[in-house]
1. Quick one: net charge of E43's neighbours, Cβ under 15 Å, K/R +1, D/E -1?
2. Determine, for each peptide in 318-327, 86-95, the mean count of other beta carbons within 10 angstrom over its residues, then list the peptides with the highest first.
3. Output the antiparallel fraction of DSSP beta bridges having both residues in the chain, as a percent to the nearest 5.
4. Please list, by residue number, everything in the stretch 283-311 whose backbone N is under 19 Å from a paramagnetic label point 7 Å out along Cα→Cβ of S232.
5. Using label points projected 7 Å from each Cα along Cα→Cβ, tell me how many nm separate I315 and K201, to one decimal.
6. Normalise the Cα radius of gyration of the stretch 221-273 by 2.2 N^0.38 Å (N = residues in it) and let me know the number.
7. With +1 assigned to the C-beta of every Lys and Arg and -1 to the C-beta of every Asp and Glu, and no other charges, what is the dipole magnitude of the stretch 2-146 about the Cα centre in debye, to the nearest 20?
8. If you put +1 on each Lys and Arg Cβ and -1 on each Asp and Glu Cβ, how big is the dipole of the stretch 115-204 around its Cα centre, in Debye rounded to 20?
Amino acid sequence: MKTIVILGSTGSIGTNTLDIVDRFPTEFRVAGLTAGSNDALLETQIRRFKPRIVALSDPSAATRLRQRCLDLSVEILAGQEGLVQVASATEADLVVSAIVGGAGLVPTLAAIRSKKHIALANKEPMVMAGKLMQEEARRHGIRIFPVDSEHSAIFQSLEGHRITDVRRVILTASGGALWTLTKDELQDVSAERALQHPNWKMGAKITIDSATLMNKGLEVVEARWLFDIPESRIDVMIHRESIVHSLVEYEDRSMIAQLGLPDMRTPISYAMRYPERLPLDLPSLDLTEIGTLTFCKPDHDRFPCLDLGYESLKIGGTMPAAMNAANEVAVEAFLQGGIRFTDISDIIRSTMLAHSAREVENIEAALDADRWAREKAESLVHALPR
Ligand code: NDP
Ligand code: MG
């Protein structure tokens, strides 16, 4: 039996992870859970899965949770320090990292430093400090298993092969909710419209990232560090159906791909139980029913964020962290109705242009760049006409 901690248990990945625990109660035991401010859902999860320790990043939500759980013996912590303590819970073998955004960096790193294997959904920390996270993982003798569907597909397509035989990896992208819109139509698109993802049901931030293609830009950086492969050998293609989750091309021009219906429980369970495959009772992919799968090149003009991802890697150092932070600020402003859809890429680009990248020699360097870029992006948001 594996003992797990879930960082971000109340989110889309978190609840899918608990669905797997529910289906395989003899395989997994939950030692710890964390959330941001959703004390009501966390209470339900505590009663169902009986973790020893939990944390909420929002201290007032933690106070509410203590009131709700007076009849239980669970330890309830608050703030980043609380998240770090849960991430380091002594009894856990595996930490599912599923917080959204850079807020997951410090707790995920704490889990690595406490020698926990990681099932990584939270891609932003890998973007901010991927090299450092991999070095820490090596130093502490743990593995980081990808949960992101594209990276899980690459991981699966690499199994039994030599990384030295890889010619390139190809990430597929659905194109998101706005793929068919013209440049003019993109200008005034509402958040509600941008949140209507054609294939995946995910949290709001990643759904907007999918619509801008920033998600793919972040995933290029994530792939760079997860598989130790330079950006020149990472390609992206649009695949609207989200059936082929990504591919690896080998030196002999053979391509190996992983296919499946878009359901995150498949990659989550693979990362949780690697190398075993759990018998998930989900619908099978019927390719005869689908009939046709389509592929095309990304549109760099309408969706400039993908190129920003590559650009951040070419510059290197703290640039990906600055890009990520600017994106988080811009997406939040768009969701709040403060900026237009097309302002998102402008704000990220302007922040990157103003950023002087330096080496990420320690976690503070990534966090400093993150703080700087948030401030810069906030000022750009406020400077826009309302
Ligand atoms: P959600 O928004 O659905 O969930 C986010 C989780 O993080 C919630 O538990 C939330 O708590 C918690 N949280 C939010 N802000 C903070 C904070 N500041 N400090 C601590 N906890 C916080 O996100 P998703 O599950 O969609 O995504 C999670 C990560 O996984 C992202 O990095 C995303 O890119 C990645 N990912 C997601 C996929 C998906 O299918 N959803 C697919 C591939 C990758 P609360 O509920 O209290 O707000
Ligand atoms: Mg993905």
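The values are calculated or read from the model by the stated rules, or taken from the named source; none is laboratory data. Model, not experiment: these values are computed from the prediction. Virtual Cβ from ideal backbone geometry, glycine too; neighbours counted across all protein chains shown. Note: accessible area is taken over every heavy atom of the protein model, side chains too, but ligands, DNA and RNA are not part of it. Shrake-Rupley method; radii C 1.70, N 1.55, O 1.52, S 1.80 Å.
1. On the way: positive: R47, R48, K50, R64, R66, R68; negative: D39, D58, D71, E75.
Result for the local shell: +2.
2. Values: 318-327: 29.9, 86-95: 21.3.
The most tightly packed comes first, giving 318-327, 86-95.
3. Details: 11 of 41 bridges.
Of the beta bridges lying entirely in the chain, close to 25 percent run antiparallel.
4. Label zone hits: 307-311.
5. 3.9 nm
6. Working: Rg = 12.7 Å, N = 53, 2.2 N^0.38 = 9.9 Å.
In units of the globular-protein estimate, the stretch 221-273 measures up at 1.28.
7. Details: 18 positive and 14 negative charges, 65 e Å.
Once rounded to the nearest 20, the dipole reads 320 debye.
8. Working: 13 positive and 11 negative charges, 124 e Å.
Dipole magnitude for the stretch 115-204 comes out near 600 debye.
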